[in-house]
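Nothing in this text is a laboratory measurement; each read-out follows from the coordinates by a stated rule. As the structure is a computational prediction, the values presented were derived from the model and not from experiment. Don't worry about glycine lacking a Cβ; one is built from the backbone with ideal geometry, like all the others, and counts go over all protein chains shown.
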Amino acid sequence: MSAGTLSGLQQPVVTGALLDTPHAAPAPDGVDELCEQLAEVCGSATDPLEIAASLEFDGLNDQAVQAKYGFPDVFALAEEMHRRVPVRPVEPESPPDPWRQGFGRPALHGLLYSLPAVCFPAATGLLGGPGAITVLLVSMLASWSGSQGLAHLGYLRLGRGEDAGTKQVLRWGMLVLLAGVAGAVWVAGTITSARTPAMAFAVGQGLYLLSATVLMVLRAERLLLVVLAPGCLAGTGFLLLGKPSGLALATACALAATPLLGAAFALWLTRGGARLALSGNEVLAAVPSAAFGLLAALLIAFPVVPGWGAGGSGVNPGALLAAIPLSLSMGVAEWTLYWYRRRCARLLRGTGRVGEFRRRSALILLAALAQYLTATVVLVAAVVAGAVALDLVDPQWTSAPQVVAYLALGGAMFLALLLQTMGCRLVPLVACGVAFAAEFAARGLGVPAQLAATGGLLLFLTLYAAAVLCKAIRHG
Amino acid sequence: MKIAMMTEGTYPHQFGGVSVWCDQLVRGMPEHDFHVVALVATGVERPAWELPANVASVVSVPLWGRGPAGRKPGRTGRRRFIPLLAELVDALMDDSPSAPARFGLVLRKLFEYAQEESLSGAFATEEAFDEFARRWCERSPDGAPSRPSLHDVLTALQLLDHSLRALSHPPAPADVVHAVTNGLGVLPALTVKWRHGRPLIVTEHGIYLREQYLHARKGPYRWPVKALYLRFLHHLCALGYREAALITPGNVYNTRWERRLGARPESVKTVYNGVNPADFPAFDTEPEAPTISWVGRIDPIKDLETLIRAFALVHQALPDARLRLFGSPPGGREGYLRQCRDLAAELGVGGATTFEGRVENIRDAYEAGHVVVLSSLSEGFPYSVIEAMTCGRPCVATDVGGVREAIDDTGIVVPPRNPEALSDACLILLRDTELRKRLGATARSRALQFFTVDQAIETFDDLYVRVAAGLVPGFPDGDG
């Protein structure tokens, strides 16, 4: 009966014509020659019908098969060919690895995250007076959360291939958020009676961050080096020359040039966007990113604030020294993230066992974390050594616990980033929120509170990531 | 009567032979209401055809766009899904004769599940992944040519999820279901049969499964995924044939595959495509220079290389001869057009070969040649041949699909990929005016007798009524 059953096809009916064909002696029937011609098809055929389809496509029909090969029809010939040629499928060309990445881009990113730090010491003249730290902090919190949300919206549209829509959302997002940052700075400045130069610097910082976000989303990081050049060069020169008062105005102008240049590039790159209304869903999807930006800024900046966090009355040099390499280390985090994804993708193609994937992917995760932490320790050591050599700081061993706390925070940020790229957005966000709340509540305890909060966060995120990311379906 | 018409990638969103046929059918039966269910790629496609008033509804089922709305199933929903998925994998890996029946049963259960829960959501759960991996990877025999990886599991789950999207849509209201393709297009038809008990007619112009086998050769998938998915389609097509009250292929040649896949011979009736004779009156005159005319999409499956090579041989014998090619490449295939031009130039017939592009009135294309040629590697029952025949132009065509049935002895049928045979046949006709006239006249009378659109429509009108009344016709052996 049913020729339609798979078994019927795979145990071919031996027809009269086939019985007449001597199986042991090849060549004379011409079938071997045909098998050779169709070697690729036969070697990867999943059943005889696949060969039959190819034979028909090559122009053979039942009459031709009867006349040339003595088989009753194309199907019988295909069955014989399937029997003769062992199936040895060729692996398809592997698709380009989306997680392949050199050192250049992440290193550039790390540099871009940390270079702006050079501008602060040069700007101490502008930042005198009451409320200066407050307006800087307000600007940082507002622009970090704003730029994270903006980047999310931008990538969302880029991912959908809407180039014109991406440009528009970035352009208007930048301008609206800038207005928001400026407003927040003005309110904070008025309350704390901050001086105008401090407020201007704070707005400039926000403008730089927002325009840098636009350039990064559009993959124009190299332009950012040009943007940073006036501020960083002038700032460094000013510091090296011992802050001569005659150059203060020129330095301030150079510092101002950086955000203005950034904004100009951002506006230029986003020209010609198309009007594409922002949907409520898009905005809603960007909220967790914005909240994460805010929490990250709080966790990093809070301990630095004099009289607020663990730093005592002055700006804490240990905290500052650790915070700078932390921004450098975000380049390492990016590289390690790609490394992790690449290794997991390879593992996914290399095993057919769920249990094995679970074990080995957990090891890859731990290795990635260790890799990130080691690199960050080296960066911290390098920055401290450099600062000591330049006589900028006099490190004390008492700062060590705080450096460790920042290291733990770095590790936690790395894991949070990794979890977000794998689609786990809520839990890292809540965990960061809880950690910050704990740090804030216990602020009277100083560094131990910071250490406990960031260490706890790192531990929790490590366990959570190990539990969630070992599921193969997450890597699809 | 209410007819549910199921299409995949054709009517009413795309142009092409199958869509022309659907349009003829719908317009030819204004007394019936048609509910079209169209499987489409993303769901943003717009109808390419103007829909007549008796098209009561068009529902698009996107296979690759956003899934049907619905949350991931809850704990109970997930628990109910796992045994179904396990049974699906087992049925697909089963080599015993009970596999087709198992497949049919589990597909029906999946349909019932999809009507209550989000099937897509169920496919995307961790439990589903683990169950699938355990059954497929860990049990694949040691002797298998290639073992599936977890990445293959992800790919296979996605393919199955997207392929089964139609099961989540509400079954269309109808007295008779007419799937104008087998394979995935049969799924929405089966849902109507299972839910409302309505009879099913399956029409195929090509052979769905054969096309899928050919397609899979170029696919990006590893062997285990390819094997599993082809098995799925194989079972699905066989199920389509088994569940159909009536199978109406567009030519007799196709019935070989249908019977091979388990179609009952008494349920197969060939119904040929037809054209409207009023649109294709006979020509009185012939062009001056000896001309070969070709009409179609400029596409590798039409094998224009063989045609151009054959024409180069014709041109050696008849230096005045010309080849006129009417048609344009589909989007993205412009490279093939260039390739053909280059080949013609290389063979020294670049001047005598003209690429005319699309024509406003297709008749002009047939009128342009003494002979109309078809060089395709694969065809169902090509309109260009029966249209040329209706105009009284003799055809030279490759022996593929239903071409021999259409032409019979009113033209010359040659083997495909054979430039010498094609050129010999063209030369015979180009040199013999008497023969051309005689064959042209017999071609026209054959077309008027067998291949008119009215006949096709009358046949289906009759079949709809009889199938709806449960009078399943007992046709002898599908020889139409």
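Peptide B:133-146 shows a mean partner chain C-beta count of 3 within 10 Å per residue C-beta. Coupling constants for the stretch B:88-96 follow from the phi torsions by the Karplus curve (6.51 cos²θ - 1.76 cosθ + 1.60, θ = phi - 60°), and in residue order they are 4, 4, 4, 5, 5, 9, 7, 9, 7 Hz; glycine and proline get x.
Helix B:304-317 axis versus longest C-alpha principal axis of chain B: approximately 10°, rounded to the nearest ten. The Rg/Rh ratio for the protein assembly as shown, using Cα coordinates for both the radius of gyration and the Kirkwood hydrodynamic radius, is 1.08. For the peptide A:460-473, the mean number of other protein chain Cβ atoms found within 10 angstrom of a residue's Cβ is 2.
For a test of the definition: using alpha carbon positions, the gyration tensor, and the 1.5 limit on a/c, classify the stretch A:124-282 as rounded, prolate or oblate.
Verdict is oblate for the stretch A:124-282.
Estimated from helical segments only, the mean residue ellipticity of chain A at 222 nm is -24000 deg cm²/dmol, where each DSSP H run of four or more residues counts as -39500 (n - 2.57). Shape index of the stretch B:344-408: Rg/Rh, with Rg the Cα radius of gyration and Rh the Kirkwood radius from the inverse mean 1/r over Cα pairs, equals 1.00.
In this structure the amide hydrogen of B:ARG322, modeled in the peptide plane, comes within under 5 Å of the amide hydrogens of B:THR291, B:ILE292, none closer than 5 places in sequence on its chain.
Average projection, convex hull of the Cα set of the stretch B:129-213: 7.4 square nanometres. From the Kirkwood radius over Cα pairs of the stretch B:1-155, Stokes-Einstein at 37 °C and 0.692 mPa s returns a whole-number translational diffusion coefficient of 178 µm²/s. Pairing the Cα long axis of helix B:186-196 with the longest principal axis of chain B, what angle in degrees results, from 0 to 90 and rounded to the nearest 10? Roughly 50 degrees between the two axes. Among the listed pairs B:LYS72/B:LYS193; A:LYS167/B:LYS218; B:LYS302/B:LYS437; B:LYS2/B:LYS109; B:LYS2/B:LYS72, those whose Cα-Cα separation exceeds 30 Å are A:LYS167/B:LYS218; B:LYS2/B:LYS72. Applying both filters, DSSP loop and at most 11 other Cβ atoms within 10 Å, to the GluC sites (Glu not before Pro) of the stretch B:8-108 gives B:GLU31, B:GLU50. Applying the Karplus relation 6.51 cos²θ - 1.76 cosθ + 1.60 with θ = phi - 60° to the stretch A:35-40 yields 3J(HN,Hα) values of 4, 5, 4, 9, 3, 5 Hz, where x marks Gly and Pro. Here the dipole of the stretch B:371-480 is about 400 debye; that uses its Cα centre as origin and unit charges on the Cβ of Lys and Arg (positive) and Asp and Glu (negative). Can you classify the stretch B:153-272 as rounded, prolate or oblate using the Cα gyration tensor, where a ≥ b ≥ c are the square roots of its eigenvalues, rounded means a/c under 1.5, and otherwise it's prolate if a/b beats b/c and oblate if not? Oblate. Annotation: amide H-H contacts under 5 Å for B:SER60 (H modelled 1.01 Å from N, sequence separation of 5 or more, or interchain): B:ALA38.
Per residue, the convex hull spanned by the alpha carbons of chain A comes to 212 Å³. Taking a virtual spin label 7 Å from the Cα of B:GLU126 along the C-beta vector, which residues in the stretch B:148-171 bring their backbone nitrogen under 20 Å of it? What the label zone holds, given the 20 Å backbone N cut-off, is B:150-155, B:157-158.
For the stretch B:30-118, the set of trypsin sites (Lys or Arg not before Pro) satisfying both a DSSP loop assignment and a count of at most 13 other C-beta atoms within 10 Å is given as B:ARG66, B:ARG71. The Cα atoms of the stretch B:192-241 define a convex hull whose projected area, averaged across directions, is 4.3 nm². The mean number of partner chain beta-carbon atoms within 10 angstrom of a residue's beta-carbon across peptide A:40-50 is 5. In chain B, Rg over Rh equals 1.01, where Rg is the alpha-carbon radius of gyration and Rh the Kirkwood radius from pairwise Cα distances. Compute the Cα gyration tensor for the stretch A:334-476, then decide on rounded, prolate or oblate, letting a ≥ b ≥ c be the square roots of its eigenvalues: rounded whenever a/c is under 1.5, prolate when a/b is larger than b/c in the other cases, and oblate in all that remain. Verdict is oblate for the stretch A:334-476. Could you give the Stokes-Einstein D for the stretch A:101-180 in µm² per second, using the C-alpha Kirkwood radius, 25 °C, 0.890 mPa s? Estimated via Stokes-Einstein, D reaches 162 µm²/s.
Net charge of the neighbourhood of A:ALA52, taken over other residues with C-beta under 10 Å away and scored Lys/Arg +1, Asp/Glu -1, is -2. In a DSSP loop and with at most 13 other Cβ atoms within 10 Å, the GluC sites (Glu not before Pro) in the stretch B:330-427 are B:GLU360. Straight-distance candidates among the lysines for linking to B:LYS269, with alpha-carbon spacing under 16 Å and chain neighbours fewer than 8 residues away dropped, are absent.
Would you work out which of A:TYR464, A:TRP268, A:LEU249 lies farthest towards the positive end of the dipole of the protein assembly as shown, given +1 charges on the beta-carbon of Lys and Arg and -1 on that of Asp and Glu, about the Cα centre? Final value for the positive-end residue is A:LEU249. Compute the long axis of helix A:48-57 from its Cα atoms, compare it with the longest principal axis of the Cα atoms of chain A, and write down the angle in degrees, 0 to 90, nearest 10. The angle comes out near 90 degrees.
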